[in-house]
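Structure first, commentary second.
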Amino acid sequence: MSSEDEKFMRLALELAKRGEGWVNPNPMVGAVIVKDGKIIGVGWHKRFGDKHAEVNAIEDAKRKGYDVRGATMYVTLEPCSHWGKQPPCADRIIREGFKRVVVAMVDPNPLVSGRGIEKMRKAGIEVEVGLLEEEARKLNEIFIKYVTSKMPFVSIKLALTLDGFIATETGSSQWITGEKARQKVQELRRGHMAIMVGAGTVLADDPRLNCRLENCPEKVKVILDRSGRVANAIREGRKFRLFEDGRVIFFTERPELFEGIAEAYPITEPKEILKKLAELGIDSVLIEGGRIACQFLAFADKFYLFYGPKLFGNGIKPFECLKVQEASEAPVVRIESIERLGESFLVTAYPGGG
Ligand code: AOF
Ligand code: ZN
């Protein structure tokens, strides 16, 4: 594959990213159609349930008056072969007479996984697979986890002092990181369907837990409230900003307290909570409550650790539940990147060493 191929696939990946937040729990997909070295159509998946990227690109080319017969399609995910909310793209590509299709990655969806590629090859289309695969897999890490395991992708976000505290002894934490870091959190929220915190955070900070960027869909707000403290506070007349938009879901031992207030499930075990969220069609959870992070550590797929330029000396530690005694037995993470954000910095990491 040539550097030209790579250039078109990079564009397809960029286009795919425009669907971030809007397409979940489906994948972000981008497609570019090239004929005689010229881009004649582009498309991406815009919204869950809507037309797929491939079809949007074909329609774009036609709208501009081009004939796609004999063209090449660059697509970030294998074209689908099944009937879902949309008809199979592989069939459409065959019908339209494409000569060549370059695919970044095989669709991990068990309903497709190779069948789209096979169909197109059988019809005589030249199909190449694996161009910028690593980038494509990273782009859709949430989709891959969800569609293969039926569990949501779990990200743990923490705002830490330089000496590793998420709050002082008295519970004060506003603010540890600066404005730029908090802006970045908004971007993380865009990519995740749900934001999760504990009742303590709701009572102490009254967070909105929404995404305030332009072009950002509403979030599902998940609150862990074992004893129903938020419900009691509401009955006593307190108002919380998280109810201003989006769907709110409580996990509690006292669902009856939430009657007439919000959706509530009598589940408190972390794994069961995640299973329930997956069942509700939620593919990703950004855990923002530092105090609940440790309970979900075993299920974490990614860490976003924001460090602010402060020292608390003592206070609340996020992973105290670990109680590591032997340094050699500590869980290890693989640091993916370190990004400076004004006076703060962000460490992005995946669990596990290597
Ligand atoms: C998308 N957008 O651009 C592509 C997808 O229910 P459906 O018909 O929307 O099918 C969803 C599946 O189709 C999805 O899980 C993935 O396997 C495949 N490709 N999906 O939402 C797209 N190309
Ligand atoms: Zn499709």
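So how many residues does the range 91-111 have that are more than 16 Å from residue 130 (Cα to Cα) and near ligand 1 (Cβ under 8 Å from one of its atoms)?
Residues of the range 91-111 that are more than 16 Å from residue 130 (Cα to Cα), as a first pass: 91-99, 109-111.
After this cut, where a residue has to be near ligand 1 (Cβ under 8 Å from one of its atoms) as well, the list is 109, 111.
Total satisfying the criteria: 2.
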Any residue at all in the range 311-334 that is surrounded by fewer than 17 Cβ atoms within 10 Å (Cβ to Cβ), out of contact with any strand residue (DSSP E or B) (no Cβ under 6 Å at 6 or more places or on another chain) and in a strand (DSSP E or B)? no
Residues of the range 83-114 classified as in contact with a strand residue (DSSP E or B) (Cβ under 8 Å, 6 or more places away or on another chain), among the β-branched types (Val, Ile, Thr) and either away from ligand 2 (no atom under 12 Å from the Cβ) or part of a strand (DSSP E or B) (or both), total: 4
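So which residues in the range 153-171 are part of a loop (DSSP other than H, G, I, E, B) and either without any contact (Cβ under 8 Å) to a residue 12 or more places away in the chain or within 15 Å of ligand 1 (Cβ to nearest atom) (or both)?
Residues of the range 153-171 that are part of a loop (DSSP other than H, G, I, E, B), as a first pass: 162-166, 168-171.
Once the filter is applied, which keeps residues that are part of a loop (DSSP other than H, G, I, E, B) and either without any contact (Cβ under 8 Å) to a residue 12 or more places away in the chain or within 15 Å of ligand 1 (Cβ to nearest atom) (or both), the range 153-171 yields only 170.
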Give the residue that is surrounded by the fewest Cβ atoms within 10 Å (Cβ to Cβ), with candidates limited to residues of the range 31-55 that are touching a Leu at 6+ places or on another chain (Cβ under 9 Å) and either farther than 20 Å from residue 133 by Cα or small (Gly, Ala, Ser) (or both). 39
Among the residues in the range 156-179, are any among the polar types (S, T, N, Q) and within 20 Å of residue 47 (Cβ to Cβ)? no
Report, by residue number, each residue of the range 148-190 that is closer than 14 Å to residue 308 by Cα and either of a type in the set (Gly, Ala, Ser) or touching a Pro at 6+ places or on another chain (Cβ under 8 Å) (or both). 158, 159, 160, 162, 164, 166, 167, 173, 178, 181
Test: residue 5 is within 13 Å of ligand 1 (Cβ to nearest atom), assigned to a helix (DSSP H, G or I) and among the charged types (D, E, K, R): no
Go through the range 133-175 and report how many residues are within 25 Å of residue 108 (Cβ to Cβ) and more than 13 Å from the chain's Cα centre (by Cα). 7
Starting from the range 203-221, keep only residues that are closer than 23 Å to residue 235 by Cα, then list their pairs with residues that are basic (Lys, Arg) and part of a loop (DSSP other than H, G, I, E, B) whose Cβ atoms are within a distance under 8 Å, requiring at least 6 positions of separation or different chains. 209/219
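Among 99, 138, 150, which is charged (D, E, K, R), surrounded by fewer than 18 Cβ atoms within 10 Å (Cβ to Cβ) and free of Cβ contacts under 8 Å to residues at least 24 places away in the same chain? Before the answer, list the steps.
On the way: 99 fails: free of Cβ contacts under 8 Å to residues at least 24 places away in the same chain; 150 fails: free of Cβ contacts under 8 Å to residues at least 24 places away in the same chain.
Exactly one residue qualifies, and that residue is 138.
Just to be sure I understand, how many residues within the range 244-277 are of a type in the set (A, V, I, L, M) and not in a helix (DSSP H, G or I)? Outline the logic, then answer.
Narrowing the range 244-277 to residues of a type in the set (A, V, I, L, M): 248-249, 257, 261-262, 264, 267, 273-274, 277.
Filter once more, so that each one left must be not in a helix (DSSP H, G or I): 248-249, 261-262, 264, 267.
Qualifying residue count for the region: 6.
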Just to be sure before I move on: is residue 121 of a type in the set (Lys, Arg), in a helix (DSSP H, G or I) and under 22 Å from the mean Cα position of the chain (by Cα) in the structure I sent? no
Give 344, 284 a once-over and let me know the one that is hydroxyl-bearing (Ser, Thr, Tyr), surrounded by 13 or more Cβ atoms within 10 Å (Cβ to Cβ) and within 20 Å of the chain's Cα centre (by Cα). 284
Conditions first: (1) of a type in the set (A, V, I, L, M, F, W, C); (2) in contact with a Phe, Trp or Tyr (Cβ under 8 Å, 6 or more places away or on another chain); (3) within 29 Å of residue 22 (Cβ to Cβ). Residue 243 passes all but one, so which condition is the exception? (2)
Evaluate the following for residue 303: is it buried (at least 20 other Cβ atoms within 10 Å of the Cβ) and in contact with a strand residue (DSSP E or B) (Cβ under 6 Å, 6 or more places away or on another chain)? yes
Please enumerate the residues belonging to the range 229-243 that are on the phi < 0 side of the Ramachandran plot, loosely packed, with under 15 Cβ neighbours inside 10 Å and not in a helix (DSSP H, G or I). 236, 238, 239
Failed criterion for residue 253 (all others in (1) farther than 14 Å from residue 158 by Cα; (2) touching a residue at least 60 places away in the same chain (Cβ under 8 Å); (3) not hydrophobic (A, V, I, L, M, F, W, C) hold): (2)
Residue list for the range 65-90, filter: surrounded by fewer than 22 Cβ atoms within 10 Å (Cβ to Cβ) and within 12 Å of ligand 1 (Cβ to nearest atom): 81, 82, 83, 84, 85, 86, 87, 88
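We did not get these values from a lab; they are worked out from the coordinates using the rules stated. Since we're looking at a predicted model, the values are computed, not measured. So basically every Cβ, Gly included, is an ideal-geometry build from the backbone, and we count neighbours across all protein chains shown.
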